[in-house]
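This report concerns only the one structure given below.
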Amino acid sequence: MADNLDPAEQDGETLEYELGLPPAMFGPEGPFASFLKSADPFGLLHQNVDLAKTMFQIGMGKSTLAADPRDARFKDDAWTESPVYRRVLQSYLAMTEAVEQMIPDDLEHDQRARAELAASIVTSTLAPTNTLLGNPAAAKRAIATKGGSVAKGLKNFVDDLLHNDGMPSQVDDSGFEVGKNLAVTPGKVVHRTEMFELIHYQPAGDTVYAIPSLLIPPQIGRFYFTDLAPGRSFAEYTVAQGFNHFVISWRNPGKEHRDWGLDNYVAAALEAMEAVSAITGQPRINVISFCAGGILASLASSILAARGSDLVNTLALCVTMLNWKVEATIGAFRLPAALKLSKSQTQKKGVLTGSDLHKVFSWLRPNDLVWNYWVNNYLMGDSPAPFDILAWNKDSTNLPAKLHQDFLNIFQNNELIEPGVFKALDTPIDLGSITCDSFIVGAQTDHLTPWKACYESCGLLGGASTFALSNGGHVAALVNPPSNPKAYHTIGAGTAAGADAWLEQAVKRNGSWWEGWTKWCAERSGARVPAPRKLGSKAYPAQSDAPGSYVLQ
């Protein structure tokens, strides 16, 4: 059961939770409190003196401060050509630098993450570009449209207030429909349980590699980000490379499923793995997993190893952290007050809704995921662009209260890295017992599971590891097809003592990590055999067409 909170404390904190701010953000142990506590009084005085000097230079027109050329907020020519806007920009840059300099260098990882998160929220919120008069591009648009952009922006604001929990919309999803232009790779549901549907994809050719592949997606978020629009679908690409490919589609849990915990999901993953083996008649399968699905895949693989089973032929973990005590933005929430509140809120509701989780993740990158859309939708009066990844992201699912609690315990206690300490299905987990070859993927600009943290899995697993570093962020790196002209990845054996040492000896290649994984996996998947004429098997007959029914709930 979740920890009990004093009613007054719970009511006071609920407002932050419902407004989309991370739990306990303003509490006595939250990021803002951490930022204020960590600030050195003498350093603060020094920063104030330096800031005053800088502001004087700005006022006199002698400052050389300039925005980063990559900062899209300050692309308009007015920021360099107008004396007024130039001074506004320089004042903002000086303030931002002063706030960031208040954070001491010698803070512990999580404390630094909290302080940096608070600083980023403050500085991004105070950017002049977030106001109509402070944004020259928006002001010009308002004049050119005779106020039309302002009226459209106000309409967008009211619409988001009423229909998007007060957060700026990130995507126009009106042109996307699952089963029509998303998740259209042909296949059949061949097994359905209360928790998941197992989809068997139609092979693309007359032959397939003997050893099949099973993709385990994260438990929150619908599986079809692995099968987006044609040409951007991992499933489509995988079957085109000759794999007999399967995927789990998790059910969207409701309050009545509040007791589904990690053990239930591990048991479900094992059931799916055994079904794939039975359907294909192969004693071994390739397992590939994305994000939190990698935790499931690792636990299931360790349990199989403890049972003496070699069912897992290869294991791929993509943007998955197994060691959680690392430098990461998400470490800002590793504090008792936030975790206590989060558990209590979820237990009260029965589920952690996808919209609540989406808000928290958005505030981890406020410039990109909040204020960028604030400016676009409300100040410029534009509608957000259609984009399949963001349409999927908006189509969120819930996390059962028990599973949420289990994940928070892993996050807080970090027991996965200690052999035998953590248990799943009453089995002590030893990641080192997973001796099959592994393929680990990190994302270069991932703010949730930093790539260097993902690399550490190479040293935790017992077999030979290959590590691939993909360009892009947490989801964009996964949805990174070879057709993307900007795609590249760095790849090499995961034998180096650390991520930096690995990067020095790894090879950078143009193209997607999808190509790296399929080539690596094909070399370990046996000879080509005739493709199945029918999907499923006698014991697991084909049912409804892919993408199934759970994805639509």
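The values are calculated or read from the model by the stated rules, or taken from the named source; none is laboratory data. Note that the structure is predicted; figures quoted are calculated from it, not measured. So basically every Cβ, Gly included, is an ideal-geometry build from the backbone, and we count neighbours across all protein chains shown. These area figures cover heavy atoms from the full protein model, side chains too; ligands, DNA and RNA do not enter into them. Shrake-Rupley method; radii C 1.70, N 1.55, O 1.52, S 1.80 Å.
Restricting the search to region 109-138, which residues are open to solvent by 30 Å² or more (accessible area, probe 1.4 Å), of a type in the set (A, V, I, L, M) and in a helix (DSSP H, G or I)?
Within region 109-138, Val122, Ala137 meet the criteria.
Name the residues in region 523-533 that are surrounded by fewer than 17 Cβ atoms within 10 Å (Cβ to Cβ) and at pLDDT 95 or above, would you?
Glu523, Arg524, Gly526, Ala527, Arg528, Val529, Pro530, Ala531
Among all residue pairs at least 6 apart or on different chains, which show Cβ distances below 7 Å where the first residue, located in region 112-124, is under 10 Å from Glu100 (Cα atoms) and the second is part of a helix (DSSP H, G or I) and β-branched (Val, Ile, Thr)?
Ala119/Val99; Thr123/Thr96; Thr123/Val99
I'm trying to understand the selection: among the residues of region 276-308, which are crowded, with 22+ Cβ neighbours inside 10 Å, of a type in the set (A, V, I, L, M, F, W, C) and more than 21 Å from the chain's Cα centre (by Cα)?
Within region 276-308, Val276, Ile279, Ile285, Ala300, Ile303, Ala305 meet the criteria.
List, please: which pairs have Cβ atoms under 7 Å, are six or more places apart or on different chains, and start with a residue in region 306-330 that is within 30 Å of Asp110 (Cβ to Cβ) and of a type in the set (Lys, Arg) and end with one that is at pLDDT 85 or above and open to solvent by 10 Å² or more (accessible area, probe 1.4 Å)?
Hits for this filter: Lys325/Asn414.
Of the residues that sit in region 78-108 and are in contact (Cβ under 8 Å) with a residue 40 or more places away in the chain and in a loop (DSSP other than H, G, I, E, B), which one is least open to solvent (accessible area, probe 1.4 Å)?
That would be Ile103.
Take Gly472 and tell me if it is surrounded by 18 or more Cβ atoms within 10 Å (Cβ to Cβ) and in contact with a strand residue (DSSP E or B) (Cβ under 7 Å, 6 or more places away or on another chain).
When the stated conditions are applied, Gly472 passes them.
Can we say Gly381 is modelled with pLDDT of 95 or more, part of a loop (DSSP other than H, G, I, E, B) and buried (at least 21 other Cβ atoms within 10 Å of the Cβ)?
Spelling it out, Gly381 is indeed modelled with pLDDT of 95 or more, part of a loop (DSSP other than H, G, I, E, B) and buried (at least 21 other Cβ atoms within 10 Å of the Cβ).
Determine which member of the set Trp514, Trp520 is assigned to a helix (DSSP H, G or I) and either open to solvent by less than 10 Å² (accessible area, probe 1.4 Å) or modelled with pLDDT under 95 (or both).
Trp514
Can you tell me which of Pro419, Pro386 is part of a loop (DSSP other than H, G, I, E, B) and within 25 Å of the chain's Cα centre (by Cα)? Spell out the reasoning first.
Details: Pro419 fails: within 25 Å of the chain's Cα centre (by Cα).
Going through Pro419, Pro386 in turn, the sole match is Pro386.
Can you tell me how many residues within region 139-177 are open to solvent by less than 30 Å² (accessible area, probe 1.4 Å) and farther than 24 Å from Ala78 by Cα?
Residues flagged as open to solvent by less than 30 Å² (accessible area, probe 1.4 Å) and farther than 24 Å from Ala78 by Cα within region 139-177 amount to 7.
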